[in-house]
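Here is the structure we will look at, set down as structure tokens.
The values are calculated or read from the model by the stated rules, or taken from the named source; none is laboratory data. Since this is a predicted model, take the numbers as computed values, not measurements. Here the Cβ is made from the backbone with ideal geometry for all residues, glycine too, and neighbour counts use every protein chain on show.
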Amino acid sequence: MLLVDGLNAGYEEVQVLWDINLAVREGEIVSIIGANGAGKTTTLKSIVGLIIPFKGIIRFNGNDITGLPVHEAVRRGISLVPEGRHLFPKMTILENLRMGGYTINGDRYENLLERVFQIFPILKERKDQLALTLSGGEQQMLAIARGLMSDPKILMLDEPSLGLAPKIVKRVMKVVSEIREGGVAILLVEQNAKISLEISDRGYVLETGRIVLEGTSKELLRNEHVKKAYLGLM
Ligand SMILES: Nc1ncnc2c1ncn2[C@@H]1O[C@H](COP(=O)(O)OP(=O)(O)O)[C@@H](O)[C@H]1O
Ligand SMILES: [Mg+2]
């Protein structure tokens, strides 16, 4: 479904990513794990069109979408839940969700909203509250819910576990699995390798802008390098 082929990207003359190849198939959860500064966010930004690659091709459902504007990627079914959530704090939950689904109207919008409220009942209960009144975990849930309101075929999550207590992280990951059960593919970017590999089918390890390892999540969880560098195991 999503194919990244020979991606080189960065900021002005600073190259951050070198020959990145990765794929996400329909219905998969795929992880990209890597330390702070490895280039995870830059990879997602390249896919969604927030930055234009130096080189390489991004394909989605067979079409070349390299360098297309963000709204075009969103229209085709790619949604990014950004690192740090970037909610609209002084808008209500319902208004935040509306922002996520601004391209969608009528019955289709209402159906999506109903589906999202089924996954996140707490957001339905609090739909008229300002986003700033939510706890950190609830804000992450709202960011994910907003990402779903554009009716994506693939949802890309940039460090959803960041700053959340372990119990809340578990809840977020459960929701991510549920979303996949509903037919949406997931590209999950995390520093927290353990929780990320535990829910994903496959994964890629990104180090200083290069993919150094890839495999099924099971393989990566028992890989010696992954154990030492990412799981804190000797
Ligand atoms: N807007 C930017 N301008 C210049 N350099 C950046 C910018 N954003 C990120 N970088 C650099 O790119 C590298 C990778 O960053 P990033 O993709 O955010 O990594 P990660 O998400 O894995 O922490 C880092 O060295 C970072 O300093
Ligand atoms: Mg990042």
- Message: Quick check on my filter: what residues within segment 174-207 are under 22 Å from Asn96 (Cβ atoms) and more than 16 Å from ligand 2 (Cβ to nearest atom)?
- Response: Lys174, Val175, Val176, Glu178, Ile179, Gly182, Val184, Ile186
- Message: Tell me whether segment 195-205 contains one or more residues that are surrounded by fewer than 22 Cβ atoms within 10 Å (Cβ to Cβ), over 20 Å from Met141 (Cα atoms) and of a type outside the set (Asp, Glu).
- Response: yes
- Can you find even one residue in segment 28-48 that is more than 13 Å from ligand 2 (Cβ to nearest atom) and over 20 Å from Glu190 (Cα atoms)? no
- How do the strands (runs of 3 or more DSSP E) wholly within segment 1-105 filter down when requiring 1 or more residues that are modelled with pLDDT of 95 or more, within 16 Å of ligand 1 (Cβ to nearest atom) and exposed (fewer than 15 other Cβ atoms within 10 Å of the Cβ): which remain? 2-11, 14-24
